[in-house]
Amino acid sequence: MSGEPSTGRALLHRFKTLGIDYLFANSGTDFPPLIEALAGGDVAAMPQPLVMPHEHAAMGMAHGYTLATGKPQAVMVHTNVGLANAAIGALNAAYDQIPMILCSGRTPATESGRLGSRSNPINWGQEMRDQAALVREVVKWDYELRFPEQVYDVVDRAWAIAMSQPRGPVYLSLPREVLSAPCPPPLQPAPTLVPVQIGPVHKDVARAAEILTAAERPLFIVQRGAGGAVGFATLAGLVERWSIPVAQFWPLQLAIASDHAMNAGYDPAPWLVEADAVLVINALTPWAPSQVSPPDDCKVIHIGPDPLFARYPIRGFRADVTVAGEVAAVLAALDAEMGAPGELTRRAHVAGRCAEIRSAAEAEAAAGRGAPMTKAWAAQCVSDLLAEHDGVLFTELGCPTANMTLRHAEAFYQEPHSGGLGWGFPAALGRRLAEPGRLVVATVGDGSYIFANPTACHQIAEALDLPILLVVLNNAAWDAVRRATLEIFPDGHAARANAMPLTSLAPTPDFAKLAEAHRAWSQTVEAGRELPAALAHAAQVVLKERRLALLEVRVS
Ligand SMILES: Cc1ncc(C[n+]2csc(CCOP(=O)(O)OP(=O)(O)O)c2C)c(N)n1
């Protein structure tokens, strides 16, 4: 022991200097230098370490925390095995443009002779030629720390690249000998690199504005919100002024208030077939080309931090104009460029169609209040609860949001289209960690709940005092898989089978008892008319007793 501060300690200090609040950690034999540093005092100068009993939960929580704060967090897992468990979270973070520093130990390279050299058979068993390859395809950058004095430059670079547009996760592999070695103090305070921000190019904004102002049947398509509260307000004003319908196709975040006159629902198809100009706002998949396409002479504009989504091999949506930049900044530039319209005759027509779509969704929800109820009815009840408490919703094959009344930029978050299920529960916990006063509601399918490693998530909720309201929508099935089969083979054998193979979750566990095992409050609801009272009670338990409440809701 040299007695000098270790590289592990320097790493944690640098994280904190860069504004990283938490180290979401699932530890192993690669962690001793970090554990030693954390136990050595000076804790205020390091991120708060949080024990995550499963890596998937660590990734989901960091994801949810960053959605709330915009601040990247650090996740540290155990060598190659921990990284494999974290890989789904990396896919989700990459899809959702979430900046994050994902780290894992690297089994010691040396067999003896150094502090931290191999000492346990797993140090041989966990050796990989290219550990980073487990996540390389989805992270923006990866590196293996080679020398102690590199740590500051490497962490600064990791952070700056994660925070550059388009944002996303980066990966750092940390050999145990390097973390254990003494480290000189930093030569410069952090950050030494400034993340890249991209601003819209004026000539492209002007061209986009020209197309949109000249259009008779313009359409906006959104998928991941409108760029926070500022972009949300800009979009609302712009489409109000210009009477442009906004369709939210498979939305991950809210872009327009559900009671806004220009909220055109979730299906762009009826608008798209007659559109003469479309603005695609940061959407990888603005419509399903196998089902619908815009007319040949329709102009299509894509805006966002990466309008062509360069990381994805195939994406053929026509792009007549592309404008790169943060969504809020591009919308502000477009708003200014478009100015105010003269006489517009389309407003009543567009607003009327939007109102009809909204009424149809509400009517469908109201019809589903039986026993078992529909997910749409459950959504209606959750919507009322959220409105009463200004709550935030996380939904993963949970409540469909089309008929809900949601009004602000942070009203809801849906699982990313990378589709790594098990995201909803831990992401909601991450949100609650970021915002202790807020009612956070997670609605998840029974399958999604099981994918979340619920024991790990309940343990975290109790240990870290993160009471949320969890609604498990139990249909005893992977209904999405069933529906996908029917879509491709509507009249096939599976459609006619009494029980469709590979889609049943029966018998489902007693979800209420699972929660009870973690000393959470729980109740099972079978009839739709009983749900509002059960939700109200559950919210009181969360807010007053500060206990996690789980409602198992039987749905069709
Ligand atoms: C990690 C992972 N494994 C498998 C899938 C495939 N998958 C997509 S939806 C789904 C079913 C989800 O079930 P549930 O949450 O109960 O919702 P439901 O489909 O019943 O509405 C499955 C298994 C996936 N998306 N992610």
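The values are calculated or read from the model by the stated rules, or taken from the named source; none is laboratory data. None of the values given here were measured: they were computed from a predicted structure. FYI the Cβ positions are ideal-geometry reconstructions off the backbone, even for glycines, and counts take in every protein chain you see. What goes into the accessible areas is simple: the full protein's heavy atoms, side chains included, and nothing from ligands, DNA or RNA. Shrake-Rupley method; radii C 1.70, N 1.55, O 1.52, S 1.80 Å.
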Unique residue being surrounded by fewer than 20 Cβ atoms within 10 Å (Cβ to Cβ), more than 16 Å from the ligand (Cβ to nearest atom) and of a type in the set (A, V, I, L, M) when the list is Ala367, Ala409 | Ala367
Can we say Ala45 is in contact with a strand residue (DSSP E or B) (Cβ under 7 Å, 6 or more places away or on another chain) and within 19 Å of Val155 (Cβ to Cβ)?
-> no
Scan the stretch 494-523 for residues that are within 16 Å of the ligand (Cβ to nearest atom) and among the hydroxyl-bearing types (Ser, Thr, Tyr) and jot them down.
-> Thr503, Ser504, Thr508
Among the residues of the stretch 415-442, write down those that are surrounded by fewer than 24 Cβ atoms within 10 Å (Cβ to Cβ) and closer than 20 Å to Ala94 by Cβ.
-> Pro416, His417, Ser418, Gly419, Gly420, Leu421
Going through the stretch 469-493 one residue at a time, which ones are away from the ligand (no atom under 15 Å from the Cβ) and in contact with a helix residue (DSSP H, G or I) (Cβ under 7 Å, 6 or more places away or on another chain)?
-> Leu469, Phe489
How about the stretch 419-468: which of its residues are more than 16 Å from the ligand (Cβ to nearest atom) and on the phi > 0 side of the Ramachandran plot?
-> Asp465
Just wondering, is there one or more residues in the stretch 86-93 that are within 20 Å of Pro166 (Cα to Cα), open to solvent by 20 Å² or more (accessible area, probe 1.4 Å) and either among the small types (Gly, Ala, Ser) or out of contact with any Phe, Trp or Tyr (no Cβ under 9 Å at 6 or more places or on another chain) (or both)?
-> yes
From the list Leu469, Leu502, Leu464, pick out the single residue that is over 19 Å from Gly89 (Cα atoms) and over 23 Å from the mean Cα position of the chain (by Cα).
-> Leu502
Filtered residues of the stretch 451-485 (kept if of a type outside the set (A, V, I, L, M), open to solvent by less than 50 Å² (accessible area, probe 1.4 Å) and assigned to a helix (DSSP H, G or I)) = Pro454, Cys457, His458, Asp479, Thr485
Right, Val170: open to solvent by less than 30 Å² (accessible area, probe 1.4 Å), in contact with a Lys or Arg (Cβ under 6 Å, 6 or more places away or on another chain) and aliphatic (A, V, I, L, M) or not?
-> yes
Here are Phe249, Phe232: which of them is open to solvent by 20 Å² or more (accessible area, probe 1.4 Å) and part of a strand (DSSP E or B)?
-> Phe249
Residues in the stretch 381-392: is at least one in a loop (DSSP other than H, G, I, E, B) and more than 16 Å from the ligand (Cβ to nearest atom)?
-> yes
Is it true that some residue in the stretch 505-516 is of a type in the set (D, E, K, R), open to solvent by 80 Å² or more (accessible area, probe 1.4 Å), outside any helix (DSSP H, G or I) and at pLDDT 95 or above?
-> no
Qualifying position, being in a helix (DSSP H, G or I) and not acidic (Asp, Glu), among Val205, Val196 = Val205
Go through the stretch 178-214 and count every residue that is within 30 Å of Thr17 (Cβ to Cβ), β-branched (Val, Ile, Thr) and under 30 Å from the mean Cα position of the chain (by Cα).
-> 4
Pairs under 6 Å by beta carbon, first residue touching a residue at least 12 places away in the same chain (Cβ under 8 Å) in the stretch 444-472, partner charged (D, E, K, R) and open to solvent by less than 10 Å² (accessible area, probe 1.4 Å), six or more apart or different chains?
-> Val444/Glu396; Ser448/Glu396; Val472/Asp446; Val472/Glu552
Identify all residues within the stretch 285-314 that are crowded, with 20+ Cβ neighbours inside 10 Å and part of a loop (DSSP other than H, G, I, E, B); write none if there are none.
-> Pro286, Trp287, Pro294, Cys298, Pro305, Pro307
